[in-house]
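Asks: Have a look at this one.
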Amino acid sequence: MAISQRLMALGLTSAVALSGGMLVAENEGLVLGTYLDPIGIVTSCYGHTHKALKLGQDFTEAQCLEQLAVDLSHYNARLLALSPPLSQGEHMAYLSFIYNVGIGAFTRSTLRKKLQNDDRIGACKELKRWVYAAGKKLAGLVRRRQSEFVFCTRNLAYVRPI
């Protein structure tokens with residue numbers, strides 16, 4: 001069964017959230033246990049973080065999908081509360097982004113300020129600035145932000161490459 005079908009079975013119903021969930025899963029990758037992320041945060045499965053996680057824990061694929069579904073529902077609700085109405089592409093991109101950087105960083109970001117000021121293209125371009133972790137530019141974040149940028153700019157007015 002595909003990840004999207006499994007997420008639907010776990011109660012994630014929004015088509016956009018499902019699509020955004022696929023983008024998150026693709027970018028995060030699956031680890032059936034805990035590990036340290038690039039900045040030293042104990043993380044599990046599809047990039048799930050929680051203060052109760054400890055190194056050495058193992059999870060089944062079903063447990064990881066449950067974590068992902070719960071996390072996506074939480075981040076999706078916060079994204080919708082903190083943003084103006086979004087296009088499908090923006091929604092997918094920003095759900096992946098907020099899942100990765102967290103609600104606080106999104107809330108304080110220039111990206112969100114531009115989004116609130118209806119500078120949709122400028123907001124999408126801000127994604128490409130978020131490629132550093134612990135002061136180091138990470139190739140994985142560069143790829144992720146490029147992917148998010150492509151989704152973000154779908155159906156928006158002409159976007160000059162940056």
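The values are calculated or read from the model by the stated rules, or taken from the named source; none is laboratory data. What you see is a predicted model; the values in this text were computed from it and never measured. Every residue, glycine among them, receives a Cβ derived from its backbone with ideal geometry; neighbour counts consider all protein chains shown.
Asks: Somewhere in region 90-110, is a residue more than 23 Å from THR43 (Cβ to Cβ) and either surrounded by fewer than 20 Cβ atoms within 10 Å (Cβ to Cβ) or of a type outside the set (Asp, Glu) (or both)?
Replies: The first filter runs over region 90-110 and keeps only residues more than 23 Å from THR43 (Cβ to Cβ), leaving 90-91, 110.
With either surrounded by fewer than 20 Cβ atoms within 10 Å (Cβ to Cβ) or of a type outside the set (Asp, Glu) (or both) added as a condition, the list becomes 91, 110.
Yes, some residue in region 90-110 is more than 23 Å from THR43 (Cβ to Cβ) and either surrounded by fewer than 20 Cβ atoms within 10 Å (Cβ to Cβ) or of a type outside the set (Asp, Glu) (or both).
Asks: Within region 44-59, how many residues are over 14 Å from GLU28 (Cβ atoms) and not in a strand (DSSP E or B)? It would help to see each step written out before you state the result.
Replies: The first filter runs over region 44-59 and keeps only residues over 14 Å from GLU28 (Cβ atoms), leaving 50-58.
Filter again for not in a strand (DSSP E or B), leaving 50-57.
Residues in region 44-59 being over 14 Å from GLU28 (Cβ atoms) and not in a strand (DSSP E or B): 8 in total.
Asks: Select from region 6-30 the residues that are surrounded by fewer than 18 Cβ atoms within 10 Å (Cβ to Cβ), touching a Gly at 6+ places or on another chain (Cβ under 9 Å) and modelled with pLDDT of 80 or more and list them in ascending order.
Replies: Passing the criteria: only GLY29.
Asks: While we're here: Sort out which residues of region 43-72 are over 19 Å from the mean Cα position of the chain (by Cα) and among the small types (Gly, Ala, Ser), and write them in order of number.
Replies: ALA52, GLY56, ALA62, listed by residue number.
Asks: Continuing with this model, one more query. Hey, does region 135-149 have a residue that's under 17 Å from TYR75 (Cα atoms) and in contact (Cβ under 8 Å) with a residue 12 or more places away in the chain?
Replies: Checking region 135-149: at least one residue is under 17 Å from TYR75 (Cα atoms) and in contact (Cβ under 8 Å) with a residue 12 or more places away in the chain.
Asks: Kindly provide the set of residues from region 117-130 that are of a type in the set (A, V, I, L, M, F, W, C) and closer than 12 Å to GLU148 by Cα, ordered by number. Walk me through it before giving the result.
Replies: The first filter runs over region 117-130 and keeps only residues of a type in the set (A, V, I, L, M, F, W, C), leaving 121, 123-124, 127, 130.
Scanning region 117-130 gives ALA123, CYS124, LEU127, TRP130.
Asks: Also, I was wondering about something else. Search region 120-135 for residues being of a type in the set (Gly, Ala, Ser) and more than 17 Å from SER96 (Cβ to Cβ), and hand back the single one that is surrounded by the most Cβ atoms within 10 Å (Cβ to Cβ).
Replies: So the first thing to find is which residues in region 120-135 are of a type in the set (Gly, Ala, Ser), and the list is 122-123, 133-135.
From what's left, more than 17 Å from SER96 (Cβ to Cβ): 122, 134-135.
Numbers: GLY122: 14, ALA134: 9, GLY135: 6.
In this case the residue turns out to be GLY122.
Asks: Pairs under 6 Å by beta carbon, first residue of a type in the set (A, V, I, L, M, F, W, C) in region 33-52, partner assigned to a loop (DSSP other than H, G, I, E, B) and surrounded by 13 or more Cβ atoms within 10 Å (Cβ to Cβ), six or more apart or different chains?
Replies: That search, which allows pairs on different chains as well, returns VAL42/LEU53; CYS45/PHE59.
Asks: Taking the stated definitions as given, is ARG160 modelled with pLDDT under 95, over 18 Å from TYR46 (Cβ atoms) and within 18 Å of the chain's Cα centre (by Cα)? Spell out how you get there, then give the answer.
Replies: Working: modelled with pLDDT under 95: yes; over 18 Å from TYR46 (Cβ atoms): yes; within 18 Å of the chain's Cα centre (by Cα): no.
Considered against the rule, which asks whether it is modelled with pLDDT under 95, over 18 Å from TYR46 (Cβ atoms) and within 18 Å of the chain's Cα centre (by Cα), ARG160 comes out as no.
Asks: Could you tell me which of the residues LEU65, LEU111 is touching a Lys or Arg at 6+ places or on another chain (Cβ under 9 Å), touching a residue at least 12 places away in the same chain (Cβ under 8 Å) and more than 18 Å from ASN27 (Cα to Cα)?
Replies: Values: LEU65 fails: more than 18 Å from ASN27 (Cα to Cα).
Answer to the check: LEU111.
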